[in-house]
Amino acid sequence: MANSSSPLLTNHNDEENTNPYNFCHSPRNKNTSVNDKIEQCIENLGWAQIVQCLLVSLAWAFDAQQAFISIFTDTEPSWHCTTGSCGDDICSLKGQTWAWDAPLETSIISEWGLQCVSSLITGLPASSFFIGCVIGGLVLATLADTWLGRKNLLILCTLAMSLSGIFTALFSSNIWIYAFLRFVSGFGRAAIGTCSLVLATEVVGKQWRGQIGVIGFFFFSFGFLSLPGIAYLNQGHSWRNMYIWTSAPALIYSVLVFIFVKESPRWLLIRGRREEAMDALKNFATLHQSSLTLSFFGEEETSCGNDINVFSAMKNMVSRAWALRRLITVSFISIGIGMIYYGMPLALGNLPMNLYLSVSLNALSELPGLFLTFVLVDRLSRRSAIIGFTLVSGISSIFVVGAGHFAKNNEYIMFLQIGFEMLSFLCGVSALNLMLIFTCELFPTCVRNSALSMARQALVFGGAFAPPLVAAGRNIPFIAYGVFGVVIGVCGSFAIFLPETRGTTLTDTLEEEEFQAQRLGSFWATH
């Protein structure tokens, strides 16, 4: 291996290399950088890249199923009076005067008799899942950038999520055990989306980065859309079946990833694993394959890997004012988007529509959002698109509350209300997709997964507020959809403080990101 004291991207004859900080890498050579060489090798999209991107993006489908499964497993089933008319308040009735329309085991509410307990308790499993996501993201955030890498962490998290789902079906005997296992599931799934997105986008050229990133969002929509179908087929059967049906395939998927997926050559290179980086790059390279040897990376090269611990990626990022400012801004925007994205599906039970139909319509509304993202990702400014989508989403969410005042006994207004809800969710999905791609472009390889993980935890943190807001919104509608709209509208406006990244090349080090920002004249990047 090369001398560990030699920087990866430095030229010892470069007299301008006078960095005031103790950086591990210098910004860039006078000659073509290693990053530019890698970009040239993978700029044309080949079959190896397509297969890898499809396979790693499939993880989003399992992620979506676990994120939204509680819509069906934790819902309160319909009931009927057994002695004629007995009123509308189930909690004031005696046990012999009413009965559930379906078997007890169809929902945790009916199986454990939770119909009259506090909404904080019935919402505890969903909130536990989101809290697990937040804590898991904080604990696992830097592992993909430092110790485990993108591929290994993706496998580990998928296994943890799927096994906890199976254990949920087998061992949940009360709501407290159930809530704990949902917490474990949330903890395990915390890094799945980030590892999948980063691993997919780091093996393709910049002209394909946006479109490849959208693939994972399509799979997430597919996973979400599959839930109403699974729930419909499971009508009259135990809610535990849904956890088995959604968790068992993820175990098989983990094995496929272990066998067929390659680690990111960019990450292997900055960790000093040059031979493995070269093998991975040969697998993806569409140009210059015949000349790919270790000398391709240059003689004067080392990693930041041997002296990095699991906390150093985050430490290096927050120690630079511009990087910390970007991270805080991205997180703030993500909180608002997360409240809409996770809160809207949970609040569908508050609307006067069939639950299976409304969830299916919401899942289908993700598809136009994904199409908009796919079409506009290379045509619109990242900042302008995010501000526009969050503003429309916020206004539409507030209109849901307004339409709700006139929806009773008016079928047309009822459909108008669900139309505003779908528009708000569609724009929230589009903003989320662009925000994740934007975050990938805002941070270099050495901290990219950590930054994206923090952004996703901010999304989940926003979603963690949704269950109690939804419960309170059953009596006061503005507390749900009104609050959702105000928060996403305000948070989305902060995108104006981020530098534009459309069409830029991914950088590998913090120093190279600073260099590129200065070259492009981005004030917000370095001040």
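The values are calculated or read from the model by the stated rules, or taken from the named source; none is laboratory data. Worth saying up front: this structure is predicted, and the values here are computed from it rather than measured. Heads up, the Cβs are rebuilt from the backbone with ideal geometry, glycines too, and the neighbour counts pull from every protein chain shown.
Quick notes on this structure:
- Criterion (assigned to a helix (DSSP H, G or I), crowded, with 24+ Cβ neighbours inside 10 Å and not acidic (Asp, Glu)) met by exactly one of 165, 223: 165
- Count of the stretch 468-481 residues which are crowded, with 24+ Cβ neighbours inside 10 Å and either of a type in the set (S, T, N, Q) or within 15 Å of residue 337 (Cα to Cα) (or both): 2
- With respect to (1) crowded, with 19+ Cβ neighbours inside 10 Å; (2) touching a residue at least 24 places away in the same chain (Cβ under 8 Å), the lone exception for residue 181 is condition (2).
- Residue count, the stretch 350-399 (criterion: under 30 Å from residue 77 (Cα atoms), buried (at least 22 other Cβ atoms within 10 Å of the Cβ), among the aliphatic types (A, V, I, L, M) and under 19 Å from the mean Cα position of the chain (by Cα)): 1
- Count of residues meeting criterion [small (Gly, Ala, Ser) and over 19 Å from residue 69 (Cα atoms)] in the stretch 330-381: 5
- Residue that is of a type in the set (Phe, Trp, Tyr), buried (at least 24 other Cβ atoms within 10 Å of the Cβ), in contact (Cβ under 8 Å) with a residue 60 or more places away in the chain and in contact with a Lys or Arg (Cβ under 6 Å, 6 or more places away or on another chain), where the choices are 425, 438: 438
- Residue in the stretch 467-483 that is modelled with pLDDT of 85 or more and not in a helix (DSSP H, G or I) present: no
- All conditions but one from (1) closer than 30 Å to residue 433 by Cα; (2) in a helix (DSSP H, G or I) apply to residue 120; the one that does not is (1).
- Candidate set from the stretch 94-107 (those that are of a type in the set (A, V, I, L, M) and in contact (Cβ under 8 Å) with a residue 12 or more places away in the chain); member that is surrounded by the fewest Cβ atoms within 10 Å (Cβ to Cβ): 99
- Residue within the stretch 332-343 that is surrounded by 21 or more Cβ atoms within 10 Å (Cβ to Cβ) and farther than 20 Å from residue 126 by Cβ present: yes
- Note on the stretch 320-358: residues that are under 30 Å from residue 233 (Cβ atoms) and hydrophobic (A, V, I, L, M, F, W, C) amount to 9.
- Of all residues making up the stretch 51-80, the number that are surrounded by 14 or more Cβ atoms within 10 Å (Cβ to Cβ) and either assigned to a loop (DSSP other than H, G, I, E, B) or among the hydrophobic types (A, V, I, L, M, F, W, C) (or both): 20
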